[in-house]
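See structure below.
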Amino acid sequence: MFVSSNVLPRWLEVLLGEKFYNACIIHEDAKKNEKNIFCLDCCISICPHCLPPHRSHRLLQIRRYVYHDVIRLDDATKLFDTDFVQSYTTNSAKVVFLNQRPQTRTFRGSGNICCTCDRSLQDPYIFCSLSCKIHYLMRREGGLSKFIFECKFLSLPDPGSEDGLISPDSVLEQSGSARTSSGSGGNGSVGCRTMSCTAATDDQIIVRKKRSSVSAYRAACRPVFSPVSEISAALMNRRKGNPQRAPLY
């Protein structure tokens, strides 16, 4: 069910503009006091120590990925139409960026680009973040009433599943396998949720696997004895004979 409003909801406006992972002022002396939870009912960011008064509210876990804020794709699809927003898989959870990321150079070459910030994307995605799609819809559609969902219940993940605190040193890793899932589109323009690209965050494992596979490939392709090495070895091991003096005239 879509929210019957053409204006940007208050919770969404605050969510996109909030600075997360700052230390909580109320619990500044406590450990793990980063504000990484967003309360949709109160429109504020809170730390884990602030949770008791908000237990019955709709809560959204904010995660960090390469020093930028992301949320799980499962949570995002409960609140917003995420079709054609590029997602990443990290720590066994698909995530999407909240806001666009700064880029040092413009896109050059073939492939898709973000309709808002021109960031290079994988096919068939056309938005790099939720905010880019929201800005595009506000500019082209004039509102978000067809793309925002009414979510009456949103809880935090179980304490045992700590897939949310993502390492800032994560490395994007494309995967050859992808799956599709059906999505609900507005006015027929967004019909089927397309394939999500994947990303791996355990960079040490990835680098080791890459290096080992490349080394194995090079070792398999390298000849045991090359003709040049055989010739060089033969020349070096050849014993010198008796010296021949030049004839005297």
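The values are calculated or read from the model by the stated rules, or taken from the named source; none is laboratory data. Note that the coordinates shown come from a computational prediction; the quantities given were computed from them, not determined experimentally. For neighbour counting, all protein chains shown are included, and Cβ atoms are generated from backbone atoms with ideal geometry for every residue, glycine included. Just so you know, the surface numbers come from the protein's heavy atoms only, side chains and all, with ligands and any DNA or RNA stripped out. Shrake-Rupley method; radii C 1.70, N 1.55, O 1.52, S 1.80 Å.
For residue 32, state whether it is closer than 16 Å to residue 9 by Cα, among the basic types (Lys, Arg) and more than 18 Å from the chain's Cα centre (by Cα). Judged against the criteria, residue 32 is not a match. For the range 13-49, filtering for residues that are open to solvent by less than 70 Å² (accessible area, probe 1.4 Å), farther than 18 Å from residue 98 by Cβ and outside any loop (DSSP other than H, G, I, E, B) leaves 2. Going residue by residue through the range 108-131, is there one that turns out to be modelled with pLDDT under 90 and open to solvent by less than 10 Å² (accessible area, probe 1.4 Å)? Within the range 108-131 (the criterion being modelled with pLDDT under 90 and open to solvent by less than 10 Å² (accessible area, probe 1.4 Å)), the answer is no, since none of the residues qualifies.
What is the residue count in the range 132-151 for residues that are open to solvent by 60 Å² or more (accessible area, probe 1.4 Å) and assigned to a helix (DSSP H, G or I)?
Residues in the range 132-151 being open to solvent by 60 Å² or more (accessible area, probe 1.4 Å) and assigned to a helix (DSSP H, G or I): 4 in total.
Taking the listed residues 2, 20, the one that is modelled with pLDDT under 95, in contact with a strand residue (DSSP E or B) (Cβ under 9 Å, 6 or more places away or on another chain) and among the aromatic types (Phe, Trp, Tyr) is 2, with no other qualifying. Residues in the range 72-109 that are part of a strand (DSSP E or B) and without any contact (Cβ under 8 Å) to a residue 40 or more places away in the chain were compared, and the one that is nearest to residue 131 (Cα to Cα) is 97.
Condition first: in a loop (DSSP other than H, G, I, E, B) and under 12 Å from residue 86 (Cα atoms). Now tell me which residues in the range 116-128 satisfy that. The answer is 119, 122, 123, 124, 125, 126, 128.
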